[in-house]
Amino acid sequence: MSAPEAGSGNSRPGGGVLSDIVRVASGGRRLFAGLGILGASLYLASGLYAIKPEQRGVVFRFGRILEEEVPPGIHYRLPWPVDRLERLGTTEVRTLEVAFDEPRGTQRAAPGATGQSDALLTGDENLVLSTMLVQYTVARPAFFLVSAAEPERLLERLARESALTNFARIGVDEALTTARQELQLKMRDELQAASDELRLGLRISSLQIRRIDPPSAVASAFKNVGSAREDRQKRVEEARGERNRRLPEARGEAQKLRTEAGASAQEAVAHARGDTDRFTAAWNEYRKARDITARQQYLETLEAVLPRVRKIIADPKAERRPPMTELNGAEAVPPTDVQP
């Protein structure tokens, strides 16, 4: 009895340990399965993403563009490393500063190096210093991400080339005075055209030239030129003011002369028409009764002429008579050629 009991007592502990191991193993499998399911769920859930209103998203699948412009909202993509998401702000206005400073002596910039900023050479072989601000936004996020490794650096090079080309077409006086607005508009258009050609995905909103100054070595001479230019402009303004003052007076005098000339012309025309009408009426009457009209005109002419004629009455047969009285009360003098 004791041996079987002993044997039976030894078998129970072994069976209990084995069953415990089986139970632990099955519990571990369930745990690992749960953890795996949880991990897979979290991995798949990581594909959810949100795009803000001021952003646009670009989805790449194994490096190739899958979606060029994802709108704002909640979206899903396959988790990494299958899909990759890039977010870009498309309403943010970015600013790029391009400076042209003092020449650096004999030191020359290495080809393709950034940060080098020599002065600008104008068309009349003068140097000017300038600083420009380029403001832009990302219009095509996909183009911006894949067109160039450093699109902003490429944009800076394009802006520098445009400035060098355009300043070389004008003189220094124009660059320092009247050409700034035209330069800004022209360089902005050229920069936008170059960006579109290279598919940088940028929209150039503005290009501002903040300053255009002469080099420090000749700044005083340019200052004197500027003072002379201001004096010239002042004299021009004074002359314009004097012209504006005198011009109304001259216009008034000219209008007065035109009015008087018009009145004189109308009066002369009226007199001429009256004379014409009288002549026409007399001619018509003459045609009706030529003898009577001719006689009447003859008498009227005598009436008009005789009162102004000096009349002398002399008797050629008289011998040494005292002077006779002239008609109209004037003393009559006998002619000297009368023979007695």
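Which of the residues that make up the stretch 80-102 are over 17 Å from Ala50 (Cβ atoms) and more than 30 Å from the chain's Cα centre (by Cα)? Break it down stepwise before answering.
Residues of the stretch 80-102 over 17 Å from Ala50 (Cβ atoms): 81-82, 92-102.
Pro81, Val82, Glu102, listed by residue number.
Looking at the structure I just gave you, is Ile212 out of contact with any strand residue (DSSP E or B) (no Cβ under 9 Å at 6 or more places or on another chain), touching a residue at least 12 places away in the same chain (Cβ under 8 Å) and within 23 Å of Leu120 (Cβ to Cβ)? In short, no.
Would you check if there is a residue in the stretch 238-260 being surrounded by 10 or more Cβ atoms within 10 Å (Cβ to Cβ) and assigned to a strand (DSSP E or B)?
Just the residues of the stretch 238-260 that are surrounded by 10 or more Cβ atoms within 10 Å (Cβ to Cβ), to begin with: 238-243, 246-247, 250-260.
Those still in the list that are assigned to a strand (DSSP E or B) too: none.
Within the stretch 238-260, not a single residue is surrounded by 10 or more Cβ atoms within 10 Å (Cβ to Cβ) and assigned to a strand (DSSP E or B).
Condition test on Ala159, is it farther than 22 Å from Gly226 by Cβ, crowded, with 17+ Cβ neighbours inside 10 Å, at pLDDT 90 or above and out of contact with any strand residue (DSSP E or B) (no Cβ under 9 Å at 6 or more places or on another chain)? Lay out the reasoning, then the answer.
Details: farther than 22 Å from Gly226 by Cβ: yes; crowded, with 17+ Cβ neighbours inside 10 Å: yes; at pLDDT 90 or above: yes; out of contact with any strand residue (DSSP E or B) (no Cβ under 9 Å at 6 or more places or on another chain): no.
No: the conditions fail for Ala159.
One line per residue, one yes/no per condition, for (1) farther than 27 Å from Val172 by Cβ; (2) basic (Lys, Arg):
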| site | (1), (2) |
| --- | --- |
| Glu182 | no, no |
| Ser206 | no, no |
| Ala217 | no, no |
| Asp231 | no, no |
| Arg235 | no, yes |
| Leu247 | yes, no |
| Glu260 | yes, no |
| Gln266 | yes, no |
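What is the residue count in the stretch 294-329 for residues that are farther than 21 Å from Ala282 by Cβ, at pLDDT 75 or above and β-branched (Val, Ile, Thr)? So the count comes out to 0.
Do you know which residues across the stretch 76-92 are touching a residue at least 40 places away in the same chain (Cβ under 8 Å), surrounded by 12 or more Cβ atoms within 10 Å (Cβ to Cβ) and not hydroxyl-bearing (Ser, Thr, Tyr)? Step through it out loud before you land on a result.
In the first step, residues of the stretch 76-92 are kept if they are touching a residue at least 40 places away in the same chain (Cβ under 8 Å); the result is 86, 88-92.
Retained after the next criterion (residues that are surrounded by 12 or more Cβ atoms within 10 Å (Cβ to Cβ)): 86, 88-90.
Within the stretch 76-92, Glu86, Leu88, Gly89 qualify.
Given Arg203, Arg235, which one is out of contact with any Lys or Arg (no Cβ under 8 Å at 6 or more places or on another chain), loosely packed, with under 12 Cβ neighbours inside 10 Å and not small (Gly, Ala, Ser)?
Values: Arg203 fails: loosely packed, with under 12 Cβ neighbours inside 10 Å.
Within the list Arg203, Arg235, the selection yields Arg235.
Cβ-Cβ contacts under 9 Å between residues 6 or more apart (or on different chains), taken from a first residue in the stretch 38-67 that is free of Cβ contacts under 8 Å to residues at least 24 places away in the same chain to a second residue that is β-branched (Val, Ile, Thr), are listed as Pro53/Thr91; Arg61/Val82; Phe62/Val82; Leu66/Val58; Leu66/Val59; Glu67/Val58; Glu67/Val59. Here the stretch 186-201 is the region considered, the condition is being in contact (Cβ under 8 Å) with a residue 12 or more places away in the chain and not in a loop (DSSP other than H, G, I, E, B), and the residue that is nearest to Phe100 (Cα to Cα) is Met187.
Would you check which residues across the stretch 135-158 are in a helix (DSSP H, G or I), under 15 Å from Asp196 (Cβ atoms) and of a type in the set (A, V, I, L, M, F, W, C) and list them? Correct list: Ala142, Phe143, Phe144, Leu154, Leu155, Leu158. Would a scan of the stretch 202-216 turn up a residue that is over 27 Å from the mean Cα position of the chain (by Cα) and assigned to a helix (DSSP H, G or I)? Scanning the stretch 202-216, I find at least one residue that is over 27 Å from the mean Cα position of the chain (by Cα) and assigned to a helix (DSSP H, G or I), so the answer is yes.
The values are calculated or read from the model by the stated rules, or taken from the named source; none is laboratory data. All values derive from a computational prediction rather than experimental measurement. Neighbour counts run over all protein chains shown; Cβ positions are idealised from the backbone, glycine included.
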